[in-house]
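Note sheet for the following structure.
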Amino acid sequence: MEVKVMNQNEKKEVMGKFAKKLENAIKREVTVTKEIENDKALIKYLEAQKAAGAALDTTAYESYDAWIDTIKKQIKKSESTLTNIEFKKVELEAVNQYLA
């Protein structure tokens, strides 16, 4: 099998497309940050409802604790996404330097 070697223009074209993907991923940062804030507010609300002895108003969860645990897992995933976005920012900077 023959491997095609790209010329400089072809490499820059590929890297330019990659840069666009990185930029789109980075744009999600604000949305993910807001999701984390909303999830943290929801946890506070659920903890207050639990402390007040309020009846659980959903059948999706067995208890307030189960609901809170699910939200905490979502927060961890979102925080991981933010970490990945930070890495993508570094990648984008390197790609842009290559393309310059």
Subject >> Lys12 within 30 Å of Leu82 (Cβ to Cβ) and of a type in the set (Lys, Arg) >> reply: yes
Original post:
For region 19-44, which residues satisfy the criterion of being surrounded by 15 or more Cβ atoms within 10 Å (Cβ to Cβ) and either among the aromatic types (Phe, Trp, Tyr) or outside any helix (DSSP H, G or I) (or both)?
Top reply: Arg28
**OP:** Report, by residue number, each residue of region 1-44 that is basic (Lys, Arg) and either touching a residue at least 24 places away in the same chain (Cβ under 8 Å) or touching a strand residue (DSSP E or B) at 6+ places or on another chain (Cβ under 6 Å) (or both).
**Re:** Lys12, Arg28, Lys40
Original post:
Do we find that Glu10 is of a type outside the set (Val, Ile, Thr), assigned to a helix (DSSP H, G or I) and at pLDDT below 95 in this structure?
Top reply: yes
**OP:** With the condition kept exactly as written, say whether any residue in region 45-63 is within 18 Å of the chain's Cα centre (by Cα) and open to solvent by 80 Å² or more (accessible area, probe 1.4 Å).
**Re:** no
Subject >> Residue list for region 45-81, restricted to those being among the charged types (D, E, K, R) and free of Cβ contacts under 8 Å to residues at least 12 places away in the same chain >> reply: Asp57, Glu62, Asp69, Lys73, Lys76, Lys77
Original post:
Restricting the search to region 1-18, which residues are among the aliphatic types (A, V, I, L, M) and open to solvent by less than 90 Å² (accessible area, probe 1.4 Å)?
Top reply: Met6, Val14, Met15
**OP:** For region 79-99, state whether one or more residues are within 30 Å of Asn9 (Cβ to Cβ), over 26 Å from the mean Cα position of the chain (by Cα), open to solvent by 60 Å² or more (accessible area, probe 1.4 Å) and of a type outside the set (Ser, Thr, Tyr).
**Re:** no
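The values are calculated or read from the model by the stated rules, or taken from the named source; none is laboratory data. In this text, all values refer to a predicted model and were calculated from it rather than measured experimentally. For neighbour counting, all protein chains shown are included, and Cβ atoms are generated from backbone atoms with ideal geometry for every residue, glycine included. The accessibility values were calculated without ligands, DNA or RNA, using every heavy atom of the protein model including side chains. Shrake-Rupley method; radii C 1.70, N 1.55, O 1.52, S 1.80 Å.
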